[in-house]
Amino acid sequence: GEMDGSSKEALMEEAPPRYTASPRLPCIPHQLKCLLIVVVVVVILVVVIVAFLLLGLHITETHAETVLRMTIHGLDDEGTPQHLSMSKKERTGTFAVRDGLNASAMVVYDYSKLLVGYRSWHHRACYITRVDKDNIPGLDTVTETFQRRQAEMKEAGDDAVPLADRSILGTTVNILCSTVPVYWA
């Protein structure tokens, strides 16, 4: 048993072997490894930034083009329902109204130009009038005024001179009346 004890002591006296840390990717040099990490980080950042920019652009577009659409019924659902579209960007309100028994017309309130435009689909003309920003007339009043003017024009014939300078009209009225003459009401 003596031999067993001495061999244990001899093993204990020897220094344990030293281990050296080997690189994780032995085939890639250290500089190339750093460059690869930098490139990956930059690509990820670019993708994230582009994604946020596109998302922001989409959100901005949807808010800028907000158009309110609704149908307004009279008291106790009497009369014909009024259809309304409002654009915050252009500051306009557009209504579809009746013009006689079987025809309709569009009324556009342009709050930036302080104009109201009227286009009947039955008659080949548009009518506009200026409004006071503190006293904007109601839809019924405006519609009656335009229909009265339309009837006067029909009786008088073609003596009225159409508006020559359309630059005073807003975009919505310009598009609505692009193919017909425009008259002051």
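The heavy atoms of Cys34 present about 60 square angstrom of accessible area, all protein chains included, probe 1.4 Å. When a/c reaches 1.5 or more, the comparison of a/b and b/c decides; with that in mind, is the stretch 107-170 rounded, prolate or oblate per its Cα gyration tensor? Oblate, because a/c is 1.5 or more while a/b does not exceed b/c. In this Cβ point-charge picture (+1 for Lys and Arg, -1 for Asp and Glu), the stretch 100-185 has a dipole of about 220 debye about its Cα centre.
Please sort by residue number the trypsin sites (Lys or Arg not before Pro) in the stretch 81-139 whose DSSP state is loop and whose Cβ has at most 10 other Cβ atoms within 10 Å.
Answer by residue number: Arg124, Lys133.
Extension gain for Asn102 to Leu45 (0.36 nm times residue separation, less C-alpha to C-alpha distance): 14.4 nm. Sorting His30, His123 by accessible area puts them as His30, His123; the probe is 1.4 Å, largest comes first, and only protein heavy atoms count.
The values are calculated or read from the model by the stated rules, or taken from the named source; none is laboratory data. Bear in mind the structure is a predicted one, so any value in this text is a computation, not a measurement. Quick reminder, even Gly has a Cβ in these numbers, built from the backbone with ideal geometry, and neighbours come from all protein chains shown. Remember, those area values only see protein heavy atoms, side chains included, never the ligands or the DNA or RNA. Shrake-Rupley method; radii C 1.70, N 1.55, O 1.52, S 1.80 Å.
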